[in-house]
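The values are calculated or read from the model by the stated rules, or taken from the named source; none is laboratory data. Because the structure is predicted, anything quoted here is derived from the model rather than measured. Positions of Cβ are generated from backbone atoms using ideal geometry, with glycine treated the same way; all protein chains shown enter the neighbour counts. We work out accessible area using only protein heavy atoms, side chains counted, and drop any ligands, DNA or RNA first. Shrake-Rupley method; radii C 1.70, N 1.55, O 1.52, S 1.80 Å.
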Amino acid sequence: MKSEAPAAPHAASADRALGKDTALLLTPPVPRAGWRLLPARVLAMCTVELQKLRHDRTELYTRAVQPALWLLIFGQTFTRIRAIPTGGIPYIDYMAPGIIAQSAMFIAIFYGIQIIWERDAGILNKLLVTPTPRSALITGKAFAAGVKSLVQAIVVIVIAALLGVALTWNPLKLLGVALAVILASVFFSCLSMTIAGIVLSRDRLMGFGQAITMPLFFGSNALYPVSVMPGWLQAVSKVNPLSYQVDALRGLLLGTPSHLGADFGVLAIAAALGITAASSLLGRLAR
Amino acid sequence: MTTDPADMSATPAAAATATAEAAAAHAEAVSCTGLTYAFGETKAVDDLDLGVREGEVFGLLGPNGAGKTTAIRCITTLLPVPAGMVRVFGHDAAKERMGVRRMLGYVPQQLSADGGLTGRENVALFARVFDVPRRERAARVDLALSAVDLSDAAGRLASTYSGGMIRRLELAQALVSAPRLLILDEPTIGLDPIARTGVWEHINAVREATGMTVLVTTHYMDEADQYCDRVGLMHRGRIRALGTPEELRQGLAERKGTDTLPTLEDVFRDIAGSGLDDNTGGGFREVRSTRRTARRVG
Ligand SMILES: Nc1ncnc2c1ncn2[C@@H]1O[C@H](COP(=O)(O)OP(=O)(O)OP(=O)(O)O)[C@@H](O)[C@H]1O
Ligand SMILES: [Mg+2]
């Protein structure tokens, strides 16, 4: 009786049931060890994001309309008015890095809404039952938001170049631009995923998203230099990662004086803090 | 509280299979002891004892709101439980989360494929997050897709799939990592009879091929009768009856003293509709649980 364990006959019937060599579906993959897990998960999430973009580019195009209008109307008008001290460059050039940063930020802020949607659809739960630590899942999602923002940023850079903004084509500097966009998007997507973990519903998050994007945008140096702001707004700008991103983009794309060391330092710290906060709240979304 | 679940079936038929039970007792795929989980005031799972044997198809049955999904979410590490309550192949779900997750394939109650990706990309994602090495990824993904008959549709976006196809796609997602335990939460809910049969046929074929353990919940008693080796009837957070479908039906026949063998549905009514109940009715709960995410606030 004891020898009649239920496992015995399966190997024989395997070929009959599935027809092919099923050995692969019988052997669990070897777990990736320690530090190699995180980059693998980040890569997986970024791949998914790029695959989705490839299937449906509508969002990419519709989201290009607004920055194009900003540059076209706001940029050209204020270039003629010369009301804002830009340090000698045309205003449209001055604001272009700000608009690039803005469009990347909008994408990233949208990410919290996406994660709630994925929770509602059961997709998040399924991912949480894979060998992916919560911090790795959030890091993966955040960098996926970074990749998506970067694609959007490239579109806006091309629009700006078409409108005659004198941008650098130095590949090293462009690499720096990419890094700044990704780091900032990691932060903004984690900010919205953190709020998602607090409010837990899409409708409320929509409200929050709208309530924070405008202050973040206008409370930064995206449209005007910090020096023309009232004191309280300068304080906002000082703690606003968007300002550091714009400063870095301006320095790299236009060659204006900037503080690249501080900019990248602040963006990296903000990204790390964002990942920590969002990871610790992810459990609430799973319940 | 009984520790040996066989006691609960309370039929002579159970005694007849006692020897077989002793043989199988060595390997428990899932064991819950005193599992309790509450959402605020609601005790969704209340002191649940459950043992799923290696290699069997175990059906967890019960009315809406019985706590099936909650129990499953505890087993899958989605809900935090204290150490010692849930073990999967001997690994504690509280202490060895990663280890437990590596052995699981999980299909949740909702249809949950990503409509923005193709069928193949949906499966490939799960191959990636289960650390399938790149050189065998394509082969594994194709194998999983062909195991559920989706090879032809693999290149299409999942948003174009029918409900039955999405369920089979989810099955492929769960299979690509070669799990030892497949957990399916109402795999046939909302499917037409043909699609239901299709899903079950694939579950059976895969199980036959791989010998994996299957833990499944369903509302359809005919399915449980036909496809499950053993079933547990759950009501208000606890297992109220447990055994093979045959045993449960025999047991009811003897208690009622009838000659004709009752169906599993009769057993279900007997338990879910018995004096235990101040039945709040399935309707509201069903609506509530499908809309839960929309309503759940704070
Ligand atoms: N996230 C939640 N928050 C609050 N209460 C919940 C939550 N999830 C489940 N419940 C409650 O816990 C109880 C058990 O629910 P559960 O979903 O486990 O039942 P079920 O047996 O899966 O039901 P169904 O057959 O409808 O899927 C129900 O009373 C339900 O209302
Ligand atoms: Mg359920």
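Structure above, values below:
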read-out: Difference of contour (0.36 nm per residue) and Cα-Cα distance, B:Arg269 to B:Thr197; value: 23.5 nm
read-out: Accessible area of chain A belonging to carbon and sulfur atoms, whole % at 1.4 Å probe; value: 69
read-out: Partners for B:Lys43 among lysines (Cα-Cα distance below 17 Å; same-chain residues under 8 apart left out); value: B:Lys68
read-out: Calculated FRET value between A:Ala161 and A:Ser227, using beta carbons and R₀ = 35 Å, to 0.05; value: 0.80
read-out: For the protein assembly as shown, calculated [θ]222 nm from helices alone, where every DSSP H run of n ≥ 4 adds -39500 (n - 2.57); value: -18000 deg cm²/dmol
read-out: FRET efficiency, A:Ile269 to B:Glu41 (Cβ-Cβ, R0 56 Å, nearest 0.05); value: 0.85
read-out: Most mobile of A:Ala235, A:Ala23, A:Ala44 in a GNM of chain A (Cα contacts under 10 Å); value: A:Ala23
read-out: Choice from A:Ala271, A:Ala64, A:Ala101 with maximal GNM fluctuation in chain A (Cα, 10 Å cutoff); value: A:Ala64
read-out: Contact order normalised by residue count of chain A, Cα under 8 Å, 6+ apart, percent; value: 24
read-out: Residues listed by number, the range A:176-209, amide nitrogen under 16 Å from A:Val239 label point at 7 Å toward C-beta; value: A:191
read-out: Hydrodynamic radius of the protein assembly as shown per Kirkwood, over alpha carbon pairs, in Å; value: 26.3
read-out: Buried accessible area, chains B and A (both chains, 1.4 Å probe, Å² to nearest 100); value: 5000
read-out: Lys, Arg +1 and Asp, Glu -1 on Cβ, resulting dipole of the protein assembly as shown about Cα centre, debye, nearest 20; value: 2500
read-out: Spatial separation of Cα centroids for the range B:149-198 and the range B:214-238, in angstrom; value: 19
read-out: Percent accessible area from carbon and sulfur atoms, the range B:141-264, protein chains only, probe 1.4 Å; value: 48
read-out: Residues A:Val30 and A:Ser280, FRET efficiency given R0 of 25 Å [Cβ-Cβ distance, rounded to 0.05]; value: 0.25
read-out: DSSP beta bridges in the protein assembly as shown [antiparallel fraction, %, rounded to 5]; value: 50
read-out: The range A:111-188: relative contact order as a whole-number percent, Cα under 8 Å and 6+ apart; value: 40
read-out: Rg and Dmax [Cα atoms of the range A:94-209; Å; Rg one decimal, Dmax integer]; value: 15.9, 50
read-out: Candidates A:Thr86, A:Thr276, A:Thr77: whichever shows maximal mean-square fluctuation once chain A is modelled as a Gaussian network with Cα springs under 10 Å; value: A:Thr77
read-out: Reachable lysines from A:Lys52, criterion Cα separation under 16 angstrom, eight or more residues apart if same chain; value: A:Lys141, A:Lys148
read-out: Mean shadow area of chain A, taken as a quarter of the surface of its Cα convex hull (nm²); value: 20.2
read-out: Nearby aspartates and glutamates by direct alpha-carbon distance to A:Lys173 (threshold 20 angstrom, same-chain neighbours under 8 apart not counted); value: A:Asp93, A:Asp247, A:Asp263
read-out: Net lengthening on full extension, B:Glu136/B:Glu254 (0.36 nm per residue, minus Cα-Cα); value: 37.0 nm
read-out: Accessible area per residue, Å², the range A:149-188 with all protein chains present, probe 1.4 Å; value: 43
read-out: Between helix A:134-162 and chain A: long-axis angle, C-alpha atoms, 0 to 90°, nearest 10; value: 40
